[in-house]
Amino acid sequence: MSTFSRLNARYIRESTGGGHWENKKSFPDEWQISWQNLSFKIKPMGFKHTGLFPEQAVNWAEMIKLIGSANRPINVLNLFAYTGGATVACASAGASVTHVDAAKGMVDRAKENALLSGLGNASIRYIVDDCQKFVEKEIRRGKTYDAIIMDPPSYGRGPSGEAWKIEQNLFDFVKLCKGVLSDKPLFILINSYTTGLQPVVLQNILSSVFGETSVEAYEVCLPTNEKGIFLPCGASGLKTWKN
């Protein structure tokens, strides 16, 4: 039996850009999945995403632990926040979360995931805005956060057509975000799905901006049914501070 014959569907990338999902078995338009006490909507989209990055569960678990052990109110800024996996996880641990993404549709999906997880009344502020512009405004307002999460795209355009390339712009953006970090920070997490941006790059950025202590970087993977085989999915860098 071939590998593909066991799949429900696969994504076919088209040479002109974008692509489509090729169905092999019953494949609903959308469905729900659960992780611990949280629930998320899965909906395959034309640009390959399904509405959730399940490999991020390792980071959700770590953030929940850090927030739960802080023994104080924690204010989290989630940038490029997509459909809110990290937002929901942090809110479930009792944090107040500001969720920022430039795509209104993704912010609406994040609200749905919060409702599905029983967090409709949680302290979550949803913002549709360019992340860099939002951080600049928060600096002018004097607003600070105890924890920052970011999942920047490999490439994008700002509201005035400015080009974003993660290899060129990430370091300066992280330095900018230092301006909204509180006097008693808890953590900062950077995620990257850009090919060639190895974990050590994230470690170097965090160490250069925030200091070398308590910095770790790692490849994020998904387990498979084959013993000892893992699917590499991206990289994360985590800087923590002692409470």
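Stretching residue 8 away from residue 230 to a fully extended chain increases their span by 77.9 nm, per 0.36 nm per residue minus the current alpha-carbon distance. Using a cutoff of 8 angstrom between alpha carbon atoms and counting only pairs six or more residues apart, the relative contact order for the range 78-174 works out to 28 percent.
With both residues required to sit in the range 51-240, DSSP beta bridges show an antiparallel share near 50%. Distance between the 7 Å Cα→Cβ label points at residue 123 and residue 30: 2.9 nm. Site pair residue 222 and residue 37 shows an inter-label distance of 2.7 nm when each label is modelled 7 Å from Cα along Cα→Cβ. Between residue 72 and residue 183, full extension at 0.36 nm per residue minus the direct alpha carbon distance yields a gain of 38.6 nm. Exposed loop positions in the chain were taken to be trypsin sites (Lys or Arg not before Pro) whose DSSP state is not H, G, I, E or B and which have at most 11 other beta-carbon atoms within 10 angstrom. Between these positions, the longest stretch is 26-226. Note on residue 133 and residue 47: the extension gain reaches 28.4 nm, defined as 0.36 nm multiplied by sequence separation minus the Cα-Cα distance. Scanning the chain for GluC sites (Glu not before Pro) lying in DSSP loops with no more than 13 further Cβ atoms inside 10 Å, the longest uninterrupted stretch between such sites is 31-161. Measuring nothing but how far apart in sequence close Cα pairs (under 8 Å, 6+ apart) lie, relative to its length, the range 51-240 scores a relative contact order of 18 percent. Here r is the Cβ-Cβ distance between residue 200 and residue 61 and R0 is 22 Å; the resulting FRET efficiency, rounded to 0.05, is 0.40. Annotation note: chymotrypsin sites (Phe, Trp or Tyr not before Pro) in the range 39-81 located in DSSP loop regions with a Cβ neighbour count of at most 14 within 10 Å are 47. Determine the sum of side-chain charges near residue 35: Lys and Arg each +1, Asp and Glu each -1, restricted to other residues whose C-beta is under 15 angstrom from that of residue 35. Computed value for this residue: 0.
With both labels modelled 7 Å from their Cα along Cα-to-Cβ, the residue 171 to residue 15 distance reads 3.9 nm. Taking each DSSP H run with n ≥ 4 as -39500 (n - 2.57) and averaging over every residue of the chain yields -8500 deg cm²/dmol at 222 nm. Would you please classify the overall shape of the range 51-240 from the alpha carbon gyration tensor, given that a ≥ b ≥ c denote the square roots of the eigenvalues, rounded means a/c under 1.5, and beyond that prolate means a/b larger than b/c while oblate covers the rest? It comes out rounded by the Cα gyration axes. Please say if the range 1-130 is rounded, prolate or oblate, where rounded means a/c under 1.5 for a ≥ b ≥ c the square roots of the C-alpha gyration tensor eigenvalues, and otherwise the choice is prolate for a/b larger than b/c and oblate otherwise? Cα axes put the range 1-130 in the prolate bin. Under a model in which nothing but the beta-carbon of Lys, Arg (+1) and Asp, Glu (-1) is charged, the chain shows a dipole of about 320 debye around its Cα centre.
No lab work stands behind these numbers, since they all come straight from the coordinates. The shown structure was predicted, so the numbers you read here are calculated from the model rather than taken from an experiment. Because the Cβ atoms are built from the backbone with ideal geometry, glycine has one as well, and the counts that use them run over all protein chains shown.
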